[in-house]
Amino acid sequence: MSSLQRTVLKSKLPPTIPGGRIGRADSFKKSRIRDYRPCMWNEFFAEKEDVVVDEHRMFRVYRTKKPEKPGPILLLLHGGGYSALTWAHFCSEVTSMIHCQCLCVDLRGHGDSKVDDEDDLSADTLSQDIGDLITKLYPEEVPQIYVVGHSMGGAIAVHFAHMALVPTLIGITVIDVVEGTAMEALASMQSFLRSRPKYFQSIPNAIEWCIRSGQVRNVDSAKVSMPGQIINCTTNKLATNDLPLPEEVLEEAHHTSMFPNAFSISEDEEVGNTGEEGAESVDFKKPMTTKAATDAAKNYTWRIDLAKSEKYWVGWFSGLSDKFLNLRIPKQLLLASIDGLDRTLTVGQMQGRFQMQVLARCGHAVHEDRPHEVAEVISGYLIRNRFAEAAGEFRCHMPSC
C-alpha cells in the first residue's frame, strides 16, 4: 500500500488514542498474557457415552441436552486430527438459538474412540462407521438428522450423504473444504505436518502452541479442543483423561513456554501500522518447534499420526464437488475465504444449487474461531428451511457473502 493510500484511508478513520503506542503499552502487554488452563467437556455437553457398535468398534459421542421443543439432531463431524470437542463452543451457541440436540462423534482413529483397525481411514469406512453408529443409537426410529462437517469431516459428511445410509437425513453443511483447493493443498500437507512439534511438555503448553501457531485463533475454543487432540505419552490415554489438572501443574505451565518472548503474538494478531509501531514489529518471533525445544519434555504427543493417512487423502476429496452438488437435500457451504471456491462449485453457486456463506477474519477452523457467527448462519438456514424453531429471542437473518 502506498503512502498516499495510507493517508487517504487514515483520513476516514476516527482519531487515534493519544500517545499512539497503545499497541506496546505496558498495560496492553499485561493484557496479552493469556490463561491456557484447559476446560472440561461437561462445561459444554450434557453427557458423553462410549457406544459399542460391535466387537470391533467403539465410538465416543458427546451430546447436548434434549431440546424443549421438537427439533433435529445436528450430527457434527470433526476434521482430521481434531476430536468431537472441537464443536464444544459451537454447540453451546447453536442450542441457545434453535431447538435442536447436538451429537458430536470422535471418528475412527481420533479422540477416545477405539477400533481394531485405526489406520483404515478411507471415506467409505468412515461413512459406514457413522451410519452404523446412528443405527445403534436409534434402533427403533431414527430422528431427523442434519449433518455438519469440517475439513475432512465435511468430505466424509458428503460421502455419508451420498451413500444414503440414513433415510432421515434432511440437510448438510460443509465447512471450509472444497475439492479444488483441497487437492492442491495435499502437495504441501506432509511439509505442514513435519513443521508441527512432535511433543508437548504439558496440556497448557499444547494449548499455547495451538493459539500462537495460528491453528486456532480463539483461545477459549483451544482450551477445550486441544486436549482432545493429544495423548499422555506415559499412559497412552487422551489428555482429557488427565483433567482437571492439579494446581501445581498449572502453575508450572504458567511459567514454562515454548516461546522465547512471552509477549510475542501470532502474525494474524499483528496490526498493520506504520511508524513507531511498525518498527517494533521486528520483535515478533515464531513458535519454537525445533528439536531442541520439543525434546525438553516429551509428556504429550499427537493422538493420531496424520502423515500415515496420506494414501486416503485423494479418496476424501476426489469428486467431492460433484457429489456435493448432486445431493438431493438442502446444502450449505461455509468458507473462510471466497478464494477457496473451485470452478465446479462456482458454477453451482451461480445456478443457486446451494447456499454459500463466507466468514472473514478466521482461519481454517472456522467453527472454533467464530462459533457464534457459524451458529447464527446454520441456525438461520435451518429456520428458513423449517427444520427447526428459534429458541429465545434469536432472529433469523438473510444470508450474505
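When residue 353 is tested against (1) part of a loop (DSSP other than H, G, I, E, B); (2) closer than 23 Å to residue 189 by Cβ, exactly one condition is not met: (2).
Among the residues making up segment 38-63, those that are open to solvent by less than 30 Å² (accessible area, probe 1.4 Å), in contact with a Phe, Trp or Tyr (Cβ under 6 Å, 6 or more places away or on another chain) and free of Cβ contacts under 8 Å to residues at least 60 places away in the same chain are 45, 62. Inside segment 63-114, residues that are assigned to a strand (DSSP E or B) and of a type outside the set (A, V, I, L, M) make up a count of 5. Conditions first: (1) charged (D, E, K, R); (2) under 30 Å from residue 115 (Cα atoms); (3) open to solvent by 40 Å² or more (accessible area, probe 1.4 Å); (4) assigned to a helix (DSSP H, G or I). Residue 368 passes all but one, so which condition is the exception? Residue 368 satisfies all of (1) charged (D, E, K, R); (2) under 30 Å from residue 115 (Cα atoms); (3) open to solvent by 40 Å² or more (accessible area, probe 1.4 Å); (4) assigned to a helix (DSSP H, G or I) except (3). For beta carbons closer than 7 Å, sequence separation of 6+ or different chains, a first residue in segment 217-246 that is open to solvent by 70 Å² or more (accessible area, probe 1.4 Å) and a second that is at pLDDT below 95 and not aromatic (Phe, Trp, Tyr), the qualifying pairs are 217/268; 217/362; 217/363. Within segment 197-213, work out how many residues are open to solvent by 30 Å² or more (accessible area, probe 1.4 Å) and part of a loop (DSSP other than H, G, I, E, B). Total satisfying the criteria: 3. Of all the criteria given as (1) open to solvent by less than 10 Å² (accessible area, probe 1.4 Å); (2) part of a helix (DSSP H, G or I); (3) at pLDDT 95 or above, the one not satisfied by residue 373 is (1).
The values are calculated or read from the model by the stated rules, or taken from the named source; none is laboratory data. Because the structure is a prediction, the values reported are computed rather than measured. So basically every Cβ, Gly included, is an ideal-geometry build from the backbone, and we count neighbours across all protein chains shown. These accessible areas exclude ligands, DNA and RNA; they are computed on the full protein's heavy atoms, side chains included. Shrake-Rupley method; radii C 1.70, N 1.55, O 1.52, S 1.80 Å.
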